[in-house]
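Trainee: Take a look at this one; I'll ask things after.
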């Protein structure tokens with residue numbers, strides 16, 4: 001694999017506060033043009049999960065949730081609100097660990113993360129019990145945004161929907177792709193790539209979408225920066241006309257879980 005000449009990340013400034021029904025694609029294009037930037041079919045648009053969820057109306061109010069006996073039991077063990085536990089259960093296919101420190105869940109989409117991705121940060125009325133859930137299908141959301149960008153601009157860049165996640169055995173969060181369209185999510189170098197001494201690579205599979213999402217997260221910021229999107233250039237070798245298998249293709253099958 002030839003080395004990449006250079007990849008640049010540009011935060012997209014001036015995006016509005018999103019609400020249900022707003023077009024992420026149109027707002028993104030308007031902001032990019034106001035910055036004097038163009039948009040090409042070899043670019044990658046990295047978009048924070050929160051603005052996608054807001055545009056899709058994925059809000060919930062903790063106080064409106066009725067807790068089940070299972071949620072009440074877990075709440076007693078973890079010193080958390082039963083209603084929040086119920087939301088996590090509703091958004092999850094499995095609870096992997098539940099302690100006062102963290103609740104690790106397998107989201108319905110297959111991703112494993114804390115609290116099934118439910119969050120109140122950067123959410124209006126978050127102090128009053130409003131929380132935001134992930135999109136119902138992040139890959140479908142990425143495909144829809146990409147299609148609308150193409151219809152509005154004629155360009156067909158790749159789209160990544162990113163969220164921050166922790167990592168097993170490591171402190172801190174990093175950006176990860178939870179939805180993806182138009183990008184090679186995994187670049188499998190096994191059997192075709194070479195190392196410095198000409199040996200064929202046996203185990204190298206590059207997590208392209210996650211790597212781009214993690215780098216873009218540094219440009220976008222996590223708090224009050226107000227830049228929930230970034231424009232990535234220089235990754236065109238991994239961008240294609242087809243939407244591809246999406247971020248779900250990065251998930252290791254449950255049958256290959258090496259920790260249970």
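Every number here is computed from the coordinates shown, using simple stated rules; none is lab data. Predicted, not measured: the structure shown is a model, and the values here were computed from it. No Cβ is skipped: glycine too gets one built from the backbone with ideal geometry, and neighbour counts run over all protein chains shown.
Trainee: Subtract the Cα-Cα distance of residue 218 and residue 94 from 0.36 nm times their separation in residues, and report this length gain in nm to one decimal. Don't skip to the answer; put the middle values down first.
Mentor: On the way: separation 124, 0.36 × 124 = 44.64 nm, distance 3.05 nm.
Once the chain is fully extended between residue 218 and residue 94, it gains 41.6 nm.
Trainee: Please label the shape of the stretch 1-93 as rounded, prolate or oblate, based on the square roots a ≥ b ≥ c of the eigenvalues of the alpha-carbon gyration tensor (a/c under 1.5 means rounded; beyond that, a/b larger than b/c means prolate, else oblate). Don't jump to the answer; show the numbers that get you there.
Mentor: Values: a/c = 3.99, a/b = 2.12, b/c = 1.88.
Cα axes put the stretch 1-93 in the prolate bin.
Trainee: To the nearest 0.05, how large is the calculated FRET efficiency for residue 168 and residue 108 if R₀ is 30 Å and r is the Cβ-Cβ distance?
Mentor: Details: r = 20 Å, r/R0 = 0.68.
Calculated transfer efficiency: 0.90.
Trainee: First check a/c for the stretch 59-132, with a ≥ b ≥ c the square roots of the eigenvalues of its C-alpha gyration tensor; if it is under 1.5, answer rounded, and if not, answer prolate when a/b is larger than b/c or oblate otherwise.
Mentor: Details: a/c = 1.61, a/b = 1.20, b/c = 1.35.
Taking the square roots of the gyration eigenvalues as a ≥ b ≥ c, the stretch 59-132 is oblate.
Trainee: Ordered by packing density, taken as the mean number of other Cβ atoms within 10 Å over each peptide's residues, highest first, how do 44-53, 209-218, 233-242 rank? Before the final figure, lay out each step's value.
Mentor: Values: 44-53: 25.8, 209-218: 22.5, 233-242: 15.5.
Taking the mean over residues of other Cβ atoms within 10 Å, the ranking is 44-53, 209-218, 233-242.
Trainee: Moving on. How high is the relative contact order of the stretch 69-188, in percent, counting Cα pairs under 8 Å that sit 6 or more residues apart?
Mentor: On the way: 173 pairs, mean separation 17.3, N = 120.
Reported relative contact order: 14 percent.
Trainee: For Cα pairs less than 8 Å apart in space and 6+ apart in sequence, what is the mean separation divided by the residue count of the stretch 1-120, i.e. the relative contact order in percent? Provide the component values of the computation, followed by the final result.
Mentor: On the way: 125 pairs, mean separation 17.4, N = 120.
It rounds to 15 percent for the stretch 1-120.
Trainee: Something else about it: Let me check against my output: what whole-number percent is the relative contact order of the chain, with C-alpha pairs under 8 Å and at least 6 apart?
Mentor: Values: 509 pairs, mean separation 67.0, N = 260.
It comes to 26 percent, rounded to a whole number.
Trainee: Given the options 123, 112, 12, state which has the largest fluctuation in a GNM of the chain using a 10 Å cut-off (strictly under) for Cα springs.
Mentor: 123
Trainee: Sticking with this one: Does the chain come out rounded, prolate or oblate by the C-alpha gyration tensor, with a ≥ b ≥ c the root eigenvalues, rounded set by a/c under 1.5 and, if not, prolate when a/b is larger than b/c and oblate if not?
Mentor: Working: a/c = 2.19, a/b = 1.27, b/c = 1.72.
Note, shape of the chain comes out oblate.
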